[in-house]
Each structure stands twice: as C-alpha cells, then as structure tokens.
Amino acid sequence: MDKYLLFHGWGGSDYPHWQSWLASELAKDYGTVSFPLIYHPHHPNRKKWMSQFKKHLNEFKPTTVICHSLACTVWFALCVEGEIDEVERLLLVAPPGLETDIELLKSFFPSSLPNNLFAKEAKLVVSTNDPYLSLEEAHRFGEELGVDMLILENAGHINDKSGYGTWPWVLKWAKRDSEVV
C-alpha cells in the first residue's frame, strides 16, 4: 500500500491548493498521507528545509513523494547530497529554474540537477507559461533527469491561483490509475 508524502513550496499549499485537496482525497480512501508544514513557508531557509525534509522522509518512509515548486529544488539538493533513501514514485510539479533573483529565496539558488532522483519512477509536470521556469529550461530538465514530462498548456505555476485546486489528473496519478498519461 502506498504511503504519500507531499512537500509544499514557498508560501505553503493550503486550501484551495491542489496539494491540500489531494491530501484530503487520498485520506478519504484511508490512504496513508503526510502533508507536513515545512517551517517557515513564507520565509524559507535552505538548511532548515533540507533538515525537515530528511526528518519527514526518515520517519514516514514514503513510497510516493509529491513535490511542488520550491520543494522540487530541495529534492534536487537532497539528491545531490545523496543521503536519502530511494522512493518508488516521485512527482515533481512546477519546479523553478536553477537560478532566481528573488531575494527571499537566495539561499536555495543557484541550484543544480542531480544525477540520480532517488526514485524508481519519476515524472515532471510543467506549464507552458510558468513564471518561474521557461519551457526551454523545462525540456532541459526532462532530458537531463531522464524522466517523462507532462506539459500543461497555460497552467501558470500549477497552483490554486492558476486554477489548480481540484486536479483530477494528480489524484489518478497518485492512485496509479492506468489511464493516466
């Protein structure tokens, strides 16, 4: 049985964000879900976030990890460090580019792509108009990481502000629905 660990990005992913919706939908079917609040979501610190991610990974022992936005950057950093256990499935949604000029996030950047994602199966979900990741860089991520990529048309940063509160595709992916692309 799957154990789902969801990691939010900068600012958190509280309701009506798709991650909070997904956590509640998985729990409705008695799924084992952990959706921890990483401290402090509005003023993130790379060292603290990496430490908290490791703690949750070690204590919860997930089979499936689902990261949004800045959580993808933290996942990449953990993989580069190489001190985490492999998971069965990994979903990386709307990762930011490898550099940013956002002052509050400077401890996370520049970042780099890992050689190993520490996942048996991984998928990248991006948007054609994400303000934090160009489509060109997204294609480079997919190629360098060697993962399948789903490209959403005009989905912004794939969050509640761009209409992703209820997101049936991610629920089907999480539940291993064979019809999911």
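Computed from the coordinates by the stated procedures, all read-outs in this text should not be read as laboratory data. Small disclaimer: the values here were computed from a predicted structure and weren't measured. Note that we place each Cβ from the backbone using ideal geometry, even for glycine, and neighbour counts take in every protein chain shown.
Taking the stretch 105-162 only, how many residues are basic (Lys, Arg), closer than 20 Å to Gly82 by Cβ and crowded, with 18+ Cβ neighbours inside 10 Å? Spell out how you get there, then give the answer.
We begin by selecting, within the stretch 105-162, every residue basic (Lys, Arg); these are 106, 120, 123, 140, 161.
Next, from what is left, pick out any that are closer than 20 Å to Gly82 by Cβ: 120.
Keeping just the survivors that are crowded, with 18+ Cβ neighbours inside 10 Å gives none.
Total meeting the criteria: 0.
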* Count of the stretch 16-67 residues which are more than 23 Å from Val80 (Cβ to Cβ), hydrophobic (A, V, I, L, M, F, W, C) and in a helix (DSSP H, G or I) -> 6
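Considering only residues that are out of contact with any His (no Cβ under 9 Å at 6 or more places or on another chain) and among the hydroxyl-bearing types (Ser, Thr, Tyr), look in the stretch 32-84 and name the one that is surrounded by the most Cβ atoms within 10 Å (Cβ to Cβ). First the steps, then the outcome.
Taking the stretch 32-84 as the starting set, the residues that turn out to be out of contact with any His (no Cβ under 9 Å at 6 or more places or on another chain) are 32-33, 39-40, 42-47, 49-61, 63-66, 72-84.
After this cut, where a residue has to be among the hydroxyl-bearing types (Ser, Thr, Tyr) as well, the list is 32, 39, 51, 63-64, 73.
Details: Thr32: 15, Tyr39: 12, Ser51: 13, Thr63: 14, Thr64: 24, Thr73: 27.
In this case the residue turns out to be Thr73.
May I ask you to verify whether Gly142 is of a type outside the set (S, T, N, Q) and in contact with a helix residue (DSSP H, G or I) (Cβ under 7 Å, 6 or more places away or on another chain)?
Working: of a type outside the set (S, T, N, Q): yes; in contact with a helix residue (DSSP H, G or I) (Cβ under 7 Å, 6 or more places away or on another chain): no.
Considered against the rule, which asks whether it is of a type outside the set (S, T, N, Q) and in contact with a helix residue (DSSP H, G or I) (Cβ under 7 Å, 6 or more places away or on another chain), Gly142 comes out as no.
Condition check: crowded, with 16+ Cβ neighbours inside 10 Å and either farther than 21 Å from Lys161 by Cα or among the acidic types (Asp, Glu) (or both). Does Leu26 satisfy that?
Details: crowded, with 16+ Cβ neighbours inside 10 Å: yes; either farther than 21 Å from Lys161 by Cα or among the acidic types (Asp, Glu) (or both): yes.
Judged against the criteria, Leu26 is a match.
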* To do: Give the residue that is farthest from Leu5 (Cα to Cα), with candidates limited to residues of the stretch 86-104 that are of a type outside the set (Val, Ile, Thr) and buried (at least 20 other Cβ atoms within 10 Å of the Cβ).
  => Pro96
* **the stretch 29-58 - residue that is in contact (Cβ under 8 Å) with a residue 12 or more places away in the chain and of a type in the set (Gly, Ala, Ser) and, of those, farthest from Asp160 (Cα to Cα)** => Gly31
* Asked: Pairs, please: C-beta under 6 Å, at least 6 apart or cross-chain, first residue under 15 Å from Asp14 (Cβ atoms) and in the stretch 153-173, second part of a loop (DSSP other than H, G, I, E, B)?
  -> Asn159/His17; Asp160/Pro16; Asp160/His17; Tyr164/Ile158; Gly165/Pro16
